[in-house]
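The values are calculated or read from the model by the stated rules, or taken from the named source; none is laboratory data. Keep in mind that what you see is a predicted model, and the values were worked out from it rather than measured. Don't worry about glycine lacking a Cβ; one is built from the backbone with ideal geometry, like all the others, and counts go over all protein chains shown. Heads up: the accessible areas ignore ligands, DNA and RNA and are worked out on the full protein's heavy atoms, side chains in. Shrake-Rupley method; radii C 1.70, N 1.55, O 1.52, S 1.80 Å.
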Amino acid sequence: LAYLAAHGGDGGTAFWTFATAVSLDGFAYAFASVVLITYMSTLASTDHAASQFGLLTSLCAFPGSMLAGFSGFAIERTGFTWFFVWTSLIGLPVALLAIYVWAKVGISDEVPQPVAAH
């Protein structure tokens with residue numbers, strides 16, 4: 001989106017740039033949603049899954065909703081290009097934490113089952 005903000009008005013020839021940016025943004029949002037739903041499903045009890053899932057979803061969305069109201073002030077001070085650069089860097093600590101956990105725990109925290117000898 002930062003690239004699109006910087007180069008989006010190329011005289012109407014930026015259709016594929018726009019399509020790529022929107023597609024990547026949509027894919028990243030959908031991927032993050034699937035990961036969040038999968039993780040929250042492990043937290044919810046099967047007896048109260050619907051209410052717990054609704055509560056956890058609302059709690060996850062609340063901080064972003066509160067901060068979104070101030071994005072206009074940040075855009076006014078930095079411009080769209082730098083706003084998108086700074087907001088993309090917010091995900092860096094999360095990515096580093098995920099890599100760290102992956103290195104320490106592995107892809108899953110389940111204990112592998114021993115293979116029986118024949």
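Here are some notes:
- Flag for Ala28 being touching a residue at least 40 places away in the same chain (Cβ under 8 Å) and within 18 Å of the chain's Cα centre (by Cα): no
- When restricted to residues that are out of contact with any Phe, Trp or Tyr (no Cβ under 9 Å at 6 or more places or on another chain), assigned to a helix (DSSP H, G or I) and surrounded by 10 or more Cβ atoms within 10 Å (Cβ to Cβ), the stretch 73-88 contains 7.
- Test: residue in the stretch 39-49 that is of a type in the set (D, E, K, R), in a loop (DSSP other than H, G, I, E, B), free of Cβ contacts under 8 Å to residues at least 24 places away in the same chain and loosely packed, with under 10 Cβ neighbours inside 10 Å: yes
- Qualifying residue in the stretch 57-72 (condition: touching a residue at least 12 places away in the same chain (Cβ under 8 Å), open to solvent by 60 Å² or more (accessible area, probe 1.4 Å) and over 20 Å from Leu4 (Cβ atoms)): yes
- Positions within the stretch 4-28 being at pLDDT 85 or above, under 22 Å from Ile75 (Cα atoms) and open to solvent by 80 Å² or more (accessible area, probe 1.4 Å), in sequence order: Leu24, Asp25
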